[in-house]
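Beneath this line is the structure, given in structure tokens, with notes to follow.
The values are calculated or read from the model by the stated rules, or taken from the named source; none is laboratory data. Just so it is clear, the structure is predicted and the values come from calculations on it, not from any experiment. Note that we place each Cβ from the backbone using ideal geometry, even for glycine, and neighbour counts take in every protein chain shown.
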Amino acid sequence: MVKALEQAVAALSRLPEAEQERIAGELLSHLEKVTSLRADIEAGLRSLDAGEGRELDIDAVIARARSRNGQW
């Protein structure tokens, strides 16, 4: 295990059990998101490698994001 992770686990073990559970749940959730993002990136790269990419209209992407997020 990486030294920083070992130190974090040691520090975590000194906290109350409820706090340990909460932090562990947050860490697992974060790891699931990272794993999913990596899979999406790999799928996108395979798609690009297969020549399935298309030109991106960045203004349209920004407009959709702002619309979805209620900005501007």
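A few points about this structure:
- Of all residues in the stretch 19-72 being farther than 30 Å from V9 by Cα and among the β-branched types (V, I, T), the one that is farthest from the chain's Cα centre (by Cα): I58
- For the condition among the hydrophobic types (A, V, I, L, M, F, W, C), at pLDDT below 95, assigned to a helix (DSSP H, G or I) and surrounded by 10 or more Cβ atoms within 10 Å (Cβ to Cβ), A39 does not qualify.
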